[in-house]
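J.: Take this structure, written in structure tokens, and hold onto it; I'll ask about it next.
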Amino acid sequence: MDSGRGDRPAPTTADAIDVLVVDDDFRVARVHRAYVERLDVFRVVGVAGTGEQAIAAVDELRPDLVLLDLYLPDLFGLDVIPRLRTAGHDCDVMVISAAREADAVRGAVRHGVVDYLLKPFDFEDLRGRLERYAVQRGRMLDTVVRGQADVDRVLAGGATGPVSPVLPKGMSAETAGLVERTLRETDGTLSATECAALTGVSRVSARRYLEYFHTVGAVEVSLRYGATGRPERRYRFLGQGGGLRSGGRGAGVGMGFRTRLWFRLWLRLISNTGRGVVPVCGRA
């Protein structure tokens, strides 16, 4: 087990999110660690290569979030989670694995994971999920339940209502709508270059809007590998939820994503009822 701190200075903010990276391939673990450390609010406090090492590391380091591979040499990754709960640890878990079996995904949901990211992926894939997790965690850590409305907000991932969020600075609703329509009308996937050609915007702008839609859950990303160079990111529209709201200023958070998040949190609530604990995107 590697403590992960090394000579890198820890973030000065008291709100830093401590992360444990768990992967049996030390080279992959090194890449994941480097990705996490590129985000200021996160800091890697340790790296583990087996299930037993992961359990011991959580006990020693008390991370807020565990990036958990499933194919470990001694334990199946999902079997690590109940042992952590039995030991009284309420850290969040994000699965990062090549496991595509439906049973693995269903099992992860039942164990209350906050996200499930398939390998292979690149930094943008992980960054979007970590940033979304940080926002949800920040909203929910201080939640006080006074009534049903507060419970509904927690189960909805911190949403306060159907109001569309404002687009990030420098992005326009008109261009976002154009990119969204192009995605909706495409049979299959689009690259940023293809989207730029169809919409008339620059490739850089097309990629920025595509990545935004991916972040809010309206688009999924796949990687296409060629003979040389970096893999090409391909974007596919996920359906009716999650697009730009007509007449609004921003892109709406995908209902598909909200539904999945609600279901995930609901299962987590049920699984922890016996302990009287409801850890939602943070420590209970």
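The values are calculated or read from the model by the stated rules, or taken from the named source; none is laboratory data. Being a predicted model, the structure only gives us computed values, none of them experimental. Heads up, the Cβs are rebuilt from the backbone with ideal geometry, glycines too, and the neighbour counts pull from every protein chain shown. Calculation scope for accessible area: heavy atoms of the full protein, side chains included, ligands and nucleic acids excluded. Shrake-Rupley method; radii C 1.70, N 1.55, O 1.52, S 1.80 Å.
J.: So which residues in segment 110-126 are of a type in the set (A, V, I, L, M) and open to solvent by 20 Å² or more (accessible area, probe 1.4 Å)? Spell out the reasoning first.
T.: Here is the first cut: in segment 110-126, the residues of a type in the set (A, V, I, L, M) are 113-114, 117-118, 126.
Answer for segment 110-126, where residues must be of a type in the set (A, V, I, L, M) and open to solvent by 20 Å² or more (accessible area, probe 1.4 Å): just Leu118.
J.: Going residue by residue through segment 64-76, is there one that turns out to be aromatic (Phe, Trp, Tyr), open to solvent by 70 Å² or more (accessible area, probe 1.4 Å) and without any contact (Cβ under 8 Å) to a residue 40 or more places away in the chain?
T.: Yes, the conditions are met somewhere in segment 64-76.
J.: Next question. Based on this model, can you work out whether Thr199 counts as within 29 Å of Ala134 (Cα to Cα) and of a type in the set (Ser, Thr, Tyr)?
T.: Numbers: within 29 Å of Ala134 (Cα to Cα): no; of a type in the set (Ser, Thr, Tyr): yes.
Spelling it out, it is not the case that Thr199 is within 29 Å of Ala134 (Cα to Cα) and of a type in the set (Ser, Thr, Tyr).
J.: Can I ask one more? Suppose we filter Val135, Val204, Val145, Val179 for residues that are open to solvent by 50 Å² or more (accessible area, probe 1.4 Å) and modelled with pLDDT of 90 or more; which single one remains?
T.: Working: Val135 fails: modelled with pLDDT of 90 or more; Val145 fails: modelled with pLDDT of 90 or more; Val179 fails: open to solvent by 50 Å² or more (accessible area, probe 1.4 Å).
So the residue among Val135, Val204, Val145, Val179 that is open to solvent by 50 Å² or more (accessible area, probe 1.4 Å) and modelled with pLDDT of 90 or more is Val204.
J.: For segment 92-109, state whether one or more residues are open to solvent by less than 30 Å² (accessible area, probe 1.4 Å), part of a helix (DSSP H, G or I) and closer than 27 Å to Ala34 by Cβ. First the steps, then the outcome.
T.: Pass one, segment 92-109, residues open to solvent by less than 30 Å² (accessible area, probe 1.4 Å): 92-97, 99, 104, 107-108.
Adding the requirement that they be part of a helix (DSSP H, G or I) leaves 104, 107-108.
Applying the additional criterion that residues be closer than 27 Å to Ala34 by Cβ yields 104, 108.
Yes, because at least one residue in segment 92-109 is open to solvent by less than 30 Å² (accessible area, probe 1.4 Å), part of a helix (DSSP H, G or I) and closer than 27 Å to Ala34 by Cβ.
J.: With respect to the numbered conditions (1) over 21 Å from Arg43 (Cβ atoms); (2) charged (D, E, K, R); (3) touching a Cys at 6+ places or on another chain (Cβ under 9 Å), which one is the sole condition not fulfilled by Arg139?
T.: (1)
J.: Sticking with this one: If I ask for residues that are open to solvent by less than 40 Å² (accessible area, probe 1.4 Å) and part of a loop (DSSP other than H, G, I, E, B), which ones from segment 21-63 would you list?
T.: Asp23, Leu39, Gly49, Thr50, Pro63
J.: Shifting gears a bit: Has segment 100-115 got any residue that is closer than 21 Å to Phe26 by Cα and in contact (Cβ under 8 Å) with a residue 12 or more places away in the chain?
T.: Taking segment 100-115 first, the residues closer than 21 Å to Phe26 by Cα are none.
No - not one qualifying residue is present in segment 100-115.
J.: Could I ask something else about it? Filter segment 51-67 down to the residues that are among the hydrophobic types (A, V, I, L, M, F, W, C) and farther than 17 Å from Leu78 by Cα and list them by number.
T.: Of all residues in segment 51-67, those among the hydrophobic types (A, V, I, L, M, F, W, C) come to 54-58, 61, 65-67.
Listed by number, the list holds a single entry, Leu61.
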